[in-house]
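One structure is given here, and the rest of the page talks about it.
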Amino acid sequence: MDIQKLKQEVTQYAHQVGIDKIGFASADPFLDLKERLYKHREAGYESGFEEKDIEKRAHPELTLPEARSIIAIAIAYPTKIPDTPKSGPGEYRGTVSRAAWGKDYHHVLREKLKKLETFIEEKVPHARCESMVDTGVLSDRAVAERAGLGWVGKNTNLITPEFGSWVYLGEMITDIPFEPDIPIEEGCGDCTLCLDHCPTQAFEQPGQLNANKCLAFITQVKGSIPDHYREKLGNRIYGCDTCQQVCPKNRKINFTHQEECRPDPELAKPLLKPLLTIGKKEFQNTFGPTAAAWRGKKPIQRNAIISLAHFKDQSAVPELIELMKKDERPVIRGTAAWALGKIGGTHAKQALEKAEHEEKDAEVQEEIRKALERVQDLKVN
């Protein structure tokens, strides 16, 4: 078997099926990564969404014993919304991270990797391949960096020369000994814009993110969000792009050739008030095809409540009162109480005073108490 010729054929076929970048890396253990991951865990900086077994994350042979190389792929996604919907009084809108625009990237990448697997297996019938996207055991960014697709920036995102960091990543472990590509040297230089502009100062140092402080992760947790992070959330209802938006390597980049990744403006910047009462079936029909749906509707609804408080939207007060009174989920009731305290006004104050005597959950009671303290400082309309 001519490995070099096969590599060229695989590369050519990858571009034919819409893969924007492809690189090849050895399947040697990621020993430097492993050391960093253990330190990261000891410091308490993990998000909780990672693969729990660090050994599996660092040793490809634990996933595929015959592993000889890893194929890394990337596809570029858009950064701008055509005909952006306008946000205004009574019709305020939230923002969804660009990585969750269009069709769920997990499905997009898996489909492309499956085609690549089939092509390889037709060329090498006994080849062993194991593909993964995001939720797999390996670190997508570490693999992509080793395979020469780009370098990992100070904001921990992989930055490619062509597409900046606006790329989805996936990889395939195989027993075929492809010749590895040459990694790209780090290109951030002295720039610290991503670190300086992080709304919550979530970077403990360049290249080290404390996920517990990161709004991208905070928007996805299912419990209550601490008060000081609610203030920082603004109108983000899923994800955060700030550290990528300020990156000079991302300036003026907007690739729209991946049709499945193009945004629906009404999903990329959805109206907030309808999210307060959206049913489970409607939520799945609307957001289900996107990556923003994987945690269910509760985090999205909670974030929409916080966003309406950010806008001090008086028109949302009746819906917020209903949520505080009747929603079966304490997180939603408590967040609604907080929002009413932020928005203020006679109706909000009266509803909070009534709820103070009726609410049974201790945590929600505390939210109501704090909201009443806050609402008394506001001008009553």
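FYI, it's all coordinate maths here, none of it is from the lab. Remember, it's a predicted structure, so these values are computed and weren't measured experimentally. Cβ coordinates were reconstructed from backbone atoms using ideal geometry, including for glycine residues, and neighbour counts include every protein chain displayed.
One equal scatterer on each Cα of the chain, no solvent, Debye formula: the resulting log10 I(q)/I(0) at q = 0.08 Å⁻¹ is -0.47. Remark: for residue pairs Lys298/Lys370; Lys103/Lys297; Lys103/Lys298, the C-alpha separation exceeds 19 Å in Lys298/Lys370; Lys103/Lys298. Where the alpha-carbon atoms of the range 125-192 are placed on the principal axes, they occupy 47, 26, 18 Å, in descending order. Listed by chain and number, the lysines whose C-alpha is less than 25 Å from the C-alpha of Lys7, apart from same-chain residues fewer than 8 away, are Lys21, Lys112, Lys114, Lys115, Lys123.
Determine the dipole magnitude for the range 1-138: charges of +1 sit on the beta-carbon of Lys and Arg, -1 on that of Asp and Glu, nothing else is charged, the reference point is the Cα centre, and the result goes in debye to the nearest 20.
Values: 22 positive and 23 negative charges, 91 e Å.
Its charge dipole is roughly 440 debye.
Dividing the radius of gyration of the alpha carbons in the range 185-257 by their Kirkwood radius gives 1.01 for Rg/Rh. The Cys residues in the chain with no partner Cys Cβ within less than 4.7 Å of their Cβ are Cys129, Cys188, Cys191, Cys198, Cys214, Cys240, Cys247, Cys261.
Farthest towards the positive end of the charge dipole of the range 282-323, among the residues Ala291, Phe311, Gln301, is the Cα of Ala291, using unit charges on the Cβ of Lys, Arg, Asp and Glu.
Secondary structure note: in the chain, about 95% of the DSSP beta bridges are antiparallel. Considering only Gly136, Leu37, Ala355, and ranking their Cα positions along the charge dipole of the chain that arises from unit charges at the beta-carbon of Lys, Arg, Asp and Glu, the one farthest toward the positive end is Ala355.
Calculation over all alpha carbon pairs of the range 1-107 in 5 angstrom steps from 0 returns a P(r) of 2, 8, 12, 12, 14, 16, 13, 9, 7, 4, 2, 1, 0, 0 percent.
Counting Lys and Arg as +1 and Asp and Glu as -1, each charge on the Cβ, what is the dipole of the chain about the Cα centre in debye, to the nearest 20?
On the way: 55 positive and 58 negative charges, 271 e Å.
Roughly 1300 debye for the chain.
Can you list the equivalent-ellipsoid semi-axes of the range 85-165, largest first and in whole Å, using the square root of 5 times each Cα gyration tensor eigenvalue? Before the final figure, lay out the partial values.
Values: eigenvalues 224, 69, 22 Å².
Semi-axes, largest first: 33, 19, 11 Å.
Taking 0.36 nm per residue of separation and subtracting the current Cα-Cα distance, fully stretching the chain between Thr84 and Gln245 would add 56.3 nm.
Using helices alone, I'd like the mean residue ellipticity at 222 nm for the chain: each DSSP H run of four-plus residues gives -39500 (n - 2.57), total over residue count, nearest 500.
Numbers: 17 runs with 159 residues, N = 381.
Computed ellipticity for the chain at 222 nm equals -12000 deg cm²/dmol.
Computed from the C-beta positions of Gln350 and Glu179 and an R0 of 51 Å, the FRET efficiency is 0.10 to the nearest 0.05. The mean of 1/r over all distinct Cα pairs in the range 285-340, once inverted, gives the Kirkwood hydrodynamic radius of 11.7 Å.
For the range 61-212, what percent of Cα pairs sit more than 23 Å apart? All intermediate terms of the calculation are to be shown ahead of the outcome.
On the way: 5554 of 11476 pairs.
Looking at the range 61-212, the distances longer than 23 Å represent 48 percent of pairs.
Computed FRET efficiency, Cβ-Cβ of Arg329 and Lys56, R0 35 Å: what is it to the nearest 0.05? The formula returns an efficiency of 0.55 here. Applied to the range 108-118, the Karplus parametrisation 6.51 cos²θ - 1.76 cosθ + 1.60 on θ = phi - 60° returns per-residue 3J(HN,Hα) values of 4, 5, 4, 4, 6, 5, 5, 4, 5, 4, 4 Hz, with x for Gly and Pro. Here's the list of lysines a cross-link from Lys252 could span, going by alpha-carbon distance under 16 Å and ignoring same-chain residues fewer than 8 apart: Lys80. Each Lys or Arg adds one and each Asp or Glu subtracts one; over the other residues with Cβ under 12 Å from the Cβ of Arg93, this totals +1. With the largest listed first and rounded to whole Å, the semi-axes of the equivalent ellipsoid of the range 53-95 from the Cα gyration tensor are 46, 16, 5. The alpha carbons of the range 127-247 occupy a box of 52, 35, 22 Å along the principal axes, longest dimension given first.
At the listed q of 0.30 Å⁻¹, the Debye profile of the range 223-274, built from one uniform point per Cα, gives log10 I(q)/I(0) equal to -1.20.
Which whole-number percent is the relative contact order of the chain (Cα, under 8 Å, 6+ apart)?
19
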